[in-house]
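These notes are about the structure you will find just below.
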Amino acid sequence: MQSNSPSLEKFAARKLAGLEKRQLRRRLKESNNSVGMQVERDGQTYVNFCSNDYLGLANDPRVIKAAQDATARYGAGSGASRLVTGGHHLLFELERRLARLKGTEDCIVFGSGYLANLAIAPALLGVGDLVLVDELAHACIHAGAELSRAQIRKFRHNDLDHLRELLDTERSAYRHAMIMTDGVFSMDGDFAPLPEMLALADRYDAWTLVDDAHAVGVVGDGKGSSAYFEPQATPPLQMGTLSKALGSYGGYLCASHTVCELLRTRARPLVFTTALPPASIGAALAALDIVESDAKRRERPLELAKRFCAAVGLPVPVSPIVPVLLGSEARALDASARLQDQGFLVTAIRPPTVPRGTARLRITFSATHTEADIDQLAQGVRLILQETSETA
Ligand SMILES: *Cc1c(COP(=O)(O)O)cnc(C)c1O
């Protein structure tokens with residue numbers, strides 16, 4: 001039975017109306033993903049260009065089979081927190097495999113990437129410490145920083161001079177300091193300047209946390225953003241997700257053994273939540289096998305992104321995320337609707353996900369897209385940009 005509180009109803013309705021008016025209301029739509037980046041919505045089939053399943057592994061038969069086998073063997077749920085009885089052997093195996101991929105001493109798997117970021121900073125920082133976070137870092141990095149109760153300073157996106165200035169003026173007033181950034185930025189597809197950032201971190205004794213949600217599996221031979229640089233630029237804290245290129249669900253932190261041991265004891269989103277279900281772990285293990293052995297598949301999303309950008313006349317991309325900036329919310333929504341009419345699903349990205357005035361299409365490329373898909377999409381986007389520039 002539904003029991004409504006009149007004041008609560010009134011509050012929610014007023015809030016929604018305000019969001020609607022500013023074109024910021026979001027609606028959940030049913031979307032059923034299937035192989036080859038096909039997605040079914042409202043009875044229609046579209047080519048999905050806004051999935052983070054960069055390698056098409058979420059629907060790979062080998063990954064699905066591994067999830068089924070793990071479920072048959074270990075059950076549908078894990079039944080408890082890992083500190084109680086939820087940590088079965090597949091989970092430890094997954095942590096060893098991720099540590100090996102990243103070349104770190106140790107790894108902890110969390111319930112999701114979001115939870116990993118809520119766990120890390122609060123376990124390592126507190127009042128009297130300083131967090132320096134890239135203004136465009138993912139929402140859960142900012143949330144983790146807030147939860148830590150450390151003093152937060154945002155630096156302008158990828159602006160090393162700003163970061164240095166903040167370290168210079170503020171660092172000495174705090175006990176510990178942490179720099180937080182995406183490795184590959186989720187809405188822009190660019191890299192953080194890790195070599196220079198780590199040099200600064202070293203100079204000012206700051207700890208660097210890099211979020212590799214959009215890097216693992218697709219850049220740096222599948223190892224992520226640190227391996228993209230020559231020589232490798234390896235931060236002490238490398239987190240990421242199993243939910244994007246790895247086609248499964250869950251998050252992780254790769255770090256030293258000592259740091260991981262501290263988090264196993266102190267990280268509340270690990271201690272007080274149920275361990276990942278076996279299916280997700282089995283799927284991630286099978287996905288890692290594919291990532292490690294199939295270089296062609298790893299390289300494909302970026303190749304396709306390059307093909308698209310060349311056809312549209314956009315700068316050469318460095319990752320499979322290509323932003324097409326349109327400015328206003330209305331323009332982004334309109335472009336998205338037009339592409340949908342042509343059979344492509346490309347969600348409009350609006351504030352607060354991106355800064356005001358930078359609403360955009362965010363196009364993501366996957367190994368299982370076809371070249372024909374890319375060329376048709378490019379044609380549609382080219383037209384939209386032409387009209388936008390004519391009316392601007
Ligand atoms: C998606 C994403 C996350 C969250 O990962 P989930 O496993 O989906 O919770 C964290 N950081 C970045 C940069 C992301 O894009």
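Each reported figure results from applying straightforward, stated rules to the coordinates on display, with no laboratory input. For clarity, every value in this text was computed on a predicted model and none was experimentally measured. We place every Cβ from the backbone using ideal geometry, glycine too, and count neighbours over all the protein chains shown.
Mean-square fluctuations from a GNM of the chain, with a 10 angstrom spring cutoff on Cα atoms, peak among 160, 115, 253 at 160. Between the amide H of residue 219 and those of 224, distances stay under 5 Å, these residues lying 5 or more places away or on another chain, with hydrogens modeled in the peptide plane.
Across the chain, C-alpha contacts under 8 Å between residues 6 or more apart give a mean separation that, scaled by the residue count, equals a relative contact order of 22 percent. Within the range 269-301, whose backbone N sits under 17 Å from a point 7 Å along Cα→Cβ of residue 81? Only 269-277 pass the distance filter.
With both residues required to sit in the chain, DSSP beta bridges show an antiparallel share near 60%. Annotation: amide H of residue 237 within the under-5 Å range of 208, 210, sequence separation 5 or more or interchain, hydrogens built in the peptide plane. When only the Cβ of Lys, Arg, Asp and Glu is charged (+1, +1, -1, -1), the dipole of the range 78-276 relative to its Cα centre reaches about 780 debye.
Within the range 305-392, the trypsin sites (Lys or Arg not before Pro) that combine a DSSP coil assignment with at most 14 other C-beta atoms in a 10 angstrom radius are 356. Rounded to whole Å, give me the distance from the Cα center of the range 206-271 to that of the range 283-303. Between the Cα centres of the range 206-271 and the range 283-303 lies a distance of 17 Å. For the range 78-276, relative contact order (Cα pairs under 8 Å, six or more residues apart, normalised by length) works out to 29 percent.
Straightening the chain between residue 356 and residue 2 buys 123.7 nm, computed as 0.36 nm per residue apart minus the Cα-Cα spacing. Which value results when the Cα radius of gyration for the chain is divided by 2.2 N^0.38 Å? Compared with the compact-globule rule of thumb, the chain sits at 1.01. At the listed q of 0.15, 0.16, 0.29, 0.31 Å⁻¹, the Debye profile of the range 119-173, built from one uniform point per Cα, gives log10 I(q)/I(0) equal to -0.40, -0.45, -1.15, -1.19. Between residue 156 and residue 268, the distance separating the two model label sites (each 7 Å from Cα on the Cα→Cβ line) works out to 3.6 nm. The aspartates and glutamates whose alpha-carbon is closer than 20 Å to the alpha-carbon of residue 21, local same-chain residues fewer than 8 away aside, are 9, 329, 334. State which entries of 154/244; 223/306; 29/223 exceed 31 angstrom in Cα-Cα distance in the structure shown. Cα-Cα > 31 Å for 29/223; rest within.
Given 288, 150, 272, which one lies farthest toward the positive end of the charge dipole of the chain, if we put +1 on the Cβ of every Lys and Arg and -1 on the Cβ of every Asp and Glu? Result: 272. For residue 10, go through the aspartates and glutamates and keep the ones whose alpha-carbon is under 17 Å away, minus same-chain ones fewer than eight residues off. Candidates past the 8-residue exclusion: 20.
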